[in-house]
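To start, the structure itself, in structure tokens.
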């Protein structure tokens, strides 16, 4: 589930929910809306997953150099 993956990412990265939403989608309320039951579109899910993959919580950037 997307919400669980984001919550784990936030714990590992220590990123605030508003920053995550702003950086990933330009929407600081995204995570709060998701927690309230918002169902994101498939394109939004892809953008969020791509953001998490390219901004690894351990500080590495697996997408760098591609």
Under 8 Å by Cβ, and 6 or more places apart or on different chains, what pairs join a residue from region 34-50 that is in contact (Cβ under 8 Å) with a residue 24 or more places away in the chain with one that is not in a helix (DSSP H, G or I)? 34/40; 48/40
Please indicate, with yes or no, whether at least one residue in region 39-58 is in a loop (DSSP other than H, G, I, E, B), exposed (fewer than 13 other Cβ atoms within 10 Å of the Cβ) and at pLDDT below 95. yes
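The values are calculated or read from the model by the stated rules, or taken from the named source; none is laboratory data. Keep in mind the model is a prediction, meaning the values are calculated, not measured. Positions of Cβ are backbone-derived with ideal geometry, glycine not excepted, and every protein chain shown enters the neighbour counts.
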